[in-house]
1. Send over a whole-number figure in Å² for the accessible area per residue of region 1-143, probe 1.4 Å.
2. What percentage of the solvent-accessible surface of region 80-120, computed with a 1.4 Å probe over protein heavy atoms, is contributed by carbon and sulfur atoms?
3. If you rank 304, 315 by how much accessible surface each has, with a 1.4 Å probe, what is the order from largest down?
4. What does the charge add up to near residue 305, with Lys and Arg as +1, Asp and Glu as -1, over the other residues with Cβ less than 13 Å from its Cβ?
Amino acid sequence: MPTADHDDLAAAFAAAGRNHPYLAFTLNSLCNLDCVFCKPRCMPDYGHKDRPLTASDYAAIATEAGAWEIRKAHCSGGEPTLRADILDVIAGLADGLGPDAAIGMTSHGNLRRGLSVEQLHEAGLTYLNLSLHSLDPARSAAIMGGGDPRTTRSTLDAALSLGLRVKINCVLQRTYLDDAFAVAELARDLPVAVRLIELQNIGPAQALFDTEFITEAEVRDRLHEWFANAGEVPRGQLGVRSPGQYLRPDGWAGSIGFISNSSCATCSDANRIKITPTGVARPCILHNRDIPLKPHLADGTLGDAFAHLFQAMLDRNTNDAWQGFHYVDYDLRWDRMERPEGTPVLPLLPVLPTEAAGPSCARASTGER
């Protein structure tokens, strides 16, 4: 239920002109692939030693979020479809946020046996982000450590046939640049938004960065013929909140956009509330305003937690250290991943004992996963 602060905070948030928040759930850290720039199994706590949130927990969080007029939830991982209860999770989010909510997921599209796009759609999924880095099976396997892009393409076609909005995430690497362009060209005939994502100099990608990184500017230059007479597609039309320009080349059915976390990230309107698998909500990457949701779920005080989350996001607007920019988006998928340390510029709030309590001073983005 909304708290006494609800109306005042909601009004203040609207007056600030910010995009209304959405929920960005990391459902798990498990993945049955092993992308070269991600390598989830290299994490020391891979698989989680703590109990993750349940489907009923997600439904309760979504119900409270709906009372705060949040109408979007995005699920990622790991590979979220590996959860045995994924259909119950999606249904709980859809029911909690209401009939007009956007419920999305990022997946590599190689769905486990017994799970289909049709089932996900029936549960409440409205859009799907597919990770696809090459259309060639051998080269795709070299990038992703397995899987089959033809299976991902079948998942894509099934999603489009059901009326789901589809975005394709493709990470740019010099060795596989022609592969990325072939993926992007899917938008010529399909009503999809292909997002070309700059490699980030973090985690396993640090070993690749010096040789594989290529900037948005260079890629745009190579694709100048596509973009010469392209029209811009409003991000709202695509259901995209992250910054960046989406262009539809003349005569194309879909669009191409960039998530440029490394060369030109300016994410002053970040609006994700990240929630880790074990229920730690993170309204800000740069500052430690984390709040564990499990105690509030147990005590029936989620309204207090959401009041904290909304206030933490509002505090960005009056924080001199913020300056309207984020720096690197540490993808904090694992609850025990150490928080980047720095000089606190916002009051620190209690976090789980296993987490470090420092804010980040490195660069971040709001690109959706």
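The values are calculated or read from the model by the stated rules, or taken from the named source; none is laboratory data. Quick caveat, the model's predicted, so the values are computed rather than measured. Cβ atoms come from the backbone with ideal geometry, glycine included; neighbour counts cover every protein chain shown. Accessible surface is based on the protein model in full, side chains and every heavy atom, while ligands, DNA and RNA are left aside. Shrake-Rupley method; radii C 1.70, N 1.55, O 1.52, S 1.80 Å.
1. 40
2. Carbon-and-sulfur percentage of accessible area, whole number: 48.
3. 304, 315
4. Details: positive: 282, 289, 294; negative: 5, 57, 64, 290, 299, 304.
Combined, the nearby Lys, Arg, Asp and Glu give -3.
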